[in-house]
Amino acid sequence: MKLKRLGHVAICVQDIDQAAQFYKNLGMRLVWKDTDWAYLKAGDDGLALLSPGYDQAGAHFGFVFSDRAEIEAAYGELKTQGVNVSQIHDHRDGTASFYGRDPDGNTFEYLFEPLPRN
């Protein structure tokens, strides 16, 4: 298993609208916004904003894959290594991911992000 890139960082915010506007003012592009989370990008790098009510995950960093089979293979490999990982979850924006924890308890995400259709 070889990681391609660190794709995003997720942070907890008190007000999704206010935080999204702040990061847009810094030059980021809003990709997705809902009542409990938002996702912005600067080039290929992402920032996820999580509201206090967002219950999927807390602050974390995410590794991005463009092939769903790659995260499924990585999931099996990490499970074999004894890494504590969640089930693979399909998200409402068309992505899919699973979460895990490193030995110090930091949360990471392996995220399938489909390539844009042209």
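No lab work stands behind these numbers, since they all come straight from the coordinates. Just so we're clear, the structure is a prediction, and the values are computed from it rather than from any experiment. For neighbour counting, all protein chains shown are included, and Cβ atoms are generated from backbone atoms with ideal geometry for every residue, glycine included.
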- Rounded to the nearest 20 Debye, what is the dipole magnitude of the range 23-101 about its Cα centre when Lys and Arg each give +1 and Asp and Glu each give -1 at the C-beta? 240 debye
- Between 16, 58, 3, whose Cα lies farthest towards the positive end of the dipole of the chain when Lys and Arg beta carbons carry +1 and Asp and Glu beta carbons carry -1, centred on the Cα centre? 3
- Message: Among 95, 80, 107, which one shows the highest mean-square fluctuation when the chain is modelled as a Gaussian network with alpha-carbon springs under 10 Å?
- Response: 80
- Please identify, among 78, 47, 26, the residue showing maximal mean-square fluctuation in a Gaussian network model of the chain using a 10 angstrom Cα cutoff. 26
- Message: Take residue 86 and residue 15, extend 7 Å from each Cα along the Cα→Cβ direction, and tell me the distance between the two endpoints in nm.
- Response: 2.7 nm
- Message: Within the chain, which is the longest segment that contains none of the trypsin sites (Lys or Arg not before Pro) sitting in a DSSP loop with at most 16 other Cβ atoms within 10 Å?
- Response: 6-91
- Query: Of 4/24; 33/79; 4/33, which sit over 28 Å apart, Cα to Cα?
  - Reply: 33/79
